[in-house]
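Asker: Quick one: this structure, given as structure tokens, is what I'll be asking you about.
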Amino acid sequence: MIGARLLLVALAGAQLSACASERSARGPSPAASFASLDDAEIARKRDKPAPERAALVKVDVEFDGAEASRITMPGHTRVVGVAKMVLNIGTLHAQGEVRLVPHTDYAQARYRTLFKGLRCFSDPDAFLITDARYASYLRTATIGQDGRFAFDHVYPGRYWVEATFENQNELDRDYKPRLCTSIGYVEVPDGGEAVVDFSAGPGL
């Protein structure tokens, strides 16, 4: 009896050794295999090339400081407006600042490149190279709590007023982008008051 039991124990030990050898031949355990797959996925993502950025675009008109210099000249006209724009999706309101931009060939070409026929554009400096002197020939005004703004002592001529608008209609989930920049066009006479109407279009 004792010999028979010893024989059974020996056979069981041999079978366990065979199973262990078979598992070793098959490869690592499932947990180790998943870890290896995770490492491979991390490596694949790390080595994946970054998405290409949009090509930078340069305005095809040379900036002319003399043409824009009237923004620095003293005038007798007050330019006023309300920073809102009425569209078919509702009324968009602007906050912060508005910019007074003199009508020049360079500014017109810049806006045409940005707008591409639309009423608004978003992220304006993401792809457009703007002449470094351009910002020196702008004026800014703060938008009040009632949405109104004003520029005093503006020299006669044609101007745009640029503002960034926000869609505040919470029911309109499909309107994108949430923020967009648009411009109003204004003819400034010599004296009196000139009103900017953003809903009239950019006048490009």
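Asker: Please arrange ARG133, ARG112, ARG139 by how many other C-beta atoms lie within 10 Å of their C-beta, fewest to most. Display every interim value, and only then the final one.
Answerer: Working: ARG133 12, ARG112 15, ARG139 18.
By the 10 Å Cβ count, ascending, the order reads ARG133, ARG112, ARG139.
Asker: What residue among GLY75, ALA94, VAL186 has its Cα farthest toward the positive end of the dipole of the range 57-200, where the charges are +1 on Lys, Arg and -1 on Asp, Glu, each on the Cβ?
Answerer: ALA94
Asker: Please list 3J(HN,Hα) in residue order for the range 93-104, calculated via the Karplus relation 6.51 cos²θ - 1.76 cosθ + 1.60 where θ = phi - 60°; whole Hz, with x for glycine and proline.
Answerer: Those phi angles translate into 10, 10, 9, x, 10, 10, 10, 8, 10, x, 6, 10 Hz.
Asker: Can you list residues from other chains, or at least 5 along the same chain, whose modelled amide H is less than 5 Å from the amide H of ARG139?
Answerer: LEU100
Asker: Hey, what do the phi angles of the range 75-85 turn into as Karplus ³J(HN,Hα) couplings, whole Hz, using 6.51/-1.76/1.60 and θ = phi - 60°, x for Gly and Pro?
Answerer: x, 10, 10, 10, 9, 10, x, 10, 7, 9, 9
Asker: Could you go through the range 115-122 in sequence order and give the Karplus-derived ³J(HN,Hα) for each residue, using 6.51 cos²θ - 1.76 cosθ + 1.60 with θ = phi - 60°, rounded to whole Hz, and x for Gly and Pro?
Answerer: Once rounded to whole Hz, the list reads 6, 6, x, 8, 7, 10, 9, 10.
Asker: Please list, ordered by chain and number, the residues whose modelled amide H lies under 5 Å from the amide H of ALA83; skip anything fewer than 5 residues away on the same chain.
Answerer: Amide H neighbours of ALA83, under 5 Å, 5+ apart: ARG148, PHE149.
Asker: Could you work out the relative contact order of the range 57-200, using alpha carbon pairs under 8 angstrom and six or more residues apart, expressed as a whole percent? Could you put the intermediate results ahead of the total?
Answerer: Details: 294 pairs, mean separation 54.9, N = 144.
Relative contact order here is 38 percent.
FYI, it's all coordinate maths here, none of it is from the lab. All values reported here derive from a predicted model rather than from experimental measurement. Because the Cβ atoms are built from the backbone with ideal geometry, glycine has one as well, and the counts that use them run over all protein chains shown.
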